[in-house]
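Right, one structure below, let's go through it.
Please treat every number below as a calculation from the coordinates, not as lab data. Since the structure is predicted, the reported quantities are computational estimates derived from the model, not experimental observations. Methodologically, a virtual Cβ is constructed for each residue, glycine included, from the backbone with ideal geometry; neighbour enumeration extends over all protein chains shown.
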């Protein structure tokens, strides 16, 4: 659910901060598996018990998860994720989910690594060039990070120009919507923080010996008047990102 919400609302980075018990590596494994195009998963992930039931996971259906698997369907300018398999002279052979590897030029990552390429030719055979993730204009998935720092340090020193905490004890969204909208539209790098399944953000920050209002510019309740005593983390993510998604469209 977290992966789907992140893809739907175009989240670029997911930060997993320390909690008890430490499940960060399992969460990162599953999120990375879901973000990886289906045709690359067997190349980039080994068989392991934690992935036994991945067949139950929903597909993300993002632009970098194409369904076409024929080289004849490739288009000049199309961007694909691939894995470097070998070298052929000055070109790399990259598997991109079609019948045979494509020759790709440019600075290649190491063999067995994932790479982003742009198709430059389709006839007589497909060819491509390596590009950076930043060169892709459309939404191209999320990256997952395990933060060794606590949530407080992440908010304070993470380089974000807008920090938003979410809590049922926060200011009801309707009361701060105007101010939040103005700050959201001006921001370039925003952190939206959620509590864990066991503790809310106030408890987590308090345990770190810090104060919430010193770390976050907003503490917002995006579901005022909730009918349930508690709201699950993944439910809060959907509700909050849906509201911020509407604000994001006001940037235009």
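The eigenvalues of the Cα gyration tensor, multiplied by 5 and square-rooted, give region 74-206 an equivalent ellipsoid with semi-axes of 44, 18, 12 Å from largest to smallest.
Each eigenvalue of the Cα gyration tensor of region 157-240, multiplied by 5 and square-rooted, gives one semi-axis; in descending order these are 20, 17, 11 Å. Averaging the Cα positions of each part gives two centres, and for region 176-242 and region 1-59 these lie 23 Å apart. Nearest 10 degrees, 0 to 90: what angle lies between the long axis of helix 24-35 and the longest principal axis of the chain (Cα atoms)? Rounded to the nearest ten degrees, it is 50. The long axis of helix 173-186 is offset from the longest Cα principal axis of the chain by roughly 40 degrees. When 189, 110 are arranged by Cβ crowding within 10 Å, least crowded first, meaning fewest neighbours, the order is 110, 189. Which one, 179, 229, 199, has the greatest fluctuation when you compute a Gaussian network model over the chain with C-alpha springs under 10 angstrom? It is 229.
Using only Cα atoms, locate the centre of region 61-101 and the centre of region 112-133, then give the distance between them in Å, rounded to an integer. The two parts, judged by their Cα centres, are 6 Å apart.
Projected onto their three principal axes, the Cα atoms of the chain cover extents of 62, 45, 33 Å, largest first.
Across the chain, the relative contact order, built from alpha-carbon pairs under 8 Å that are at least six residues apart, equals 19 percent.
Please give the calculated 222 nm ellipticity per residue for the chain, where each DSSP H segment of at least 4 residues contributes -39500 (n - 2.57) and the sum is spread over every residue; nearest 500 deg cm²/dmol?
-8000 deg cm²/dmol
Each of 205, 30 was scored by other Cβ atoms within 10 Å of its Cβ. Arranged with the fewest first, they read 30, 205.
Relative contact order of region 124-225, please, whole-number percent, based on alpha carbon pairs below 8 angstrom and at least 6 residues apart.
Reported relative contact order: 38 percent.
Based on alpha carbons, the Rg and Dmax found for region 19-140 are 15.6, 56 Å. Helix 233-248 and the longest principal axis of the Cα set of the chain meet at an angle near 80°. Over all distinct Cα-Cα pairs of region 71-135, the Kirkwood formula returns a hydrodynamic radius of 11.4 Å. Going by neighbour counts of Cβ atoms within 10 Å, the residues 33, 17 line up, fewest first, as 33, 17.
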